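The block underneath contains the structure these notes are about, expressed in structure tokens.
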Amino acid sequence: MLRLTKKADYGLMALKYLAEQAGPAPAGQPDAHVSVAQSAKDIAEAYHIPPQLLAKILQTLAKAGILVSHAGTNGGYALSRPASQITAFEVIRAIDGPLFITSCITIHGACDLTSHCTIKEPLRKVNDSIKDLLSGIRISDLIETAENRPGSEAAVGGGLISIAV
């Protein structure tokens, strides 16, 4: 079974929280968003996440341009763009780095057994499929509404808890 790291889970949960706190889009501007800064402490308390770990994750997401950081007494973190424009794949990649299901599929593309390997291409296709699936899931898809609460037919891919391979 392929599993997301705790950090990636926490990052997705934090972005979901921020998306839920964002104000509605102005009339006639469906891609606009009014993101309200939330403190790392508030997000950590909402999901029972260790605050120091979440703070590091949020800093990583801010460095990646997925979040913006606001300093001051009313500061915190906010989405840098609408939740409909942020994918699960880019969040996971920002936190965990490139996503590869095997050690033979790397940035450099080859291992010592490349000339004899018979499964590299099928595994690359699986890796690409997982990337495509995660790229198709937007943070806005994770927000619980009446249509996609557990038990509803509109849930996205059964959730993001795990991907069985």
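For PRO122, the criteria (1) at pLDDT 80 or above; (2) in a loop (DSSP other than H, G, I, E, B); (3) open to solvent by less than 90 Å² (accessible area, probe 1.4 Å) hold in every case but one, which is (2). Of note, ILE49 satisfies the criterion of being part of a loop (DSSP other than H, G, I, E, B) and on the phi < 0 side of the Ramachandran plot. Within the stretch 38-47, the set of residues being surrounded by fewer than 19 Cβ atoms within 10 Å (Cβ to Cβ) and of a type in the set (Gly, Ala, Ser) comprises SER39, ALA46.
Given the criteria without any contact (Cβ under 8 Å) to a residue 40 or more places away in the chain and either loosely packed, with under 14 Cβ neighbours inside 10 Å or over 22 Å from LYS6 (Cβ atoms) (or both), does PRO50 qualify? The answer is yes for PRO50.
Does SER115 satisfy being closer than 16 Å to SER140 by Cβ and modelled with pLDDT under 95? No.
Scanning the stretch 58-73 for residues that are in a helix (DSSP H, G or I) and either surrounded by 15 or more Cβ atoms within 10 Å (Cβ to Cβ) or in contact with a Pro (Cβ under 7 Å, 6 or more places away or on another chain) (or both) returns LEU58, THR60, LEU61, ALA62. Determine, yes or no, whether ASP31 is of a type in the set (Asp, Glu) and modelled with pLDDT under 80. Criteria met by ASP31.
The values are calculated or read from the model by the stated rules, or taken from the named source; none is laboratory data. Computed from a prediction, not measured in an experiment: that's the story for all the values here. A quick note on method: Cβ atoms are made from the backbone with ideal geometry, for glycine too, and the neighbour counts reach across all protein chains shown. The protein model used for the area step is the full one, side chains on, heavy atoms only, and it has no ligands, DNA or RNA in it. Shrake-Rupley method; radii C 1.70, N 1.55, O 1.52, S 1.80 Å.
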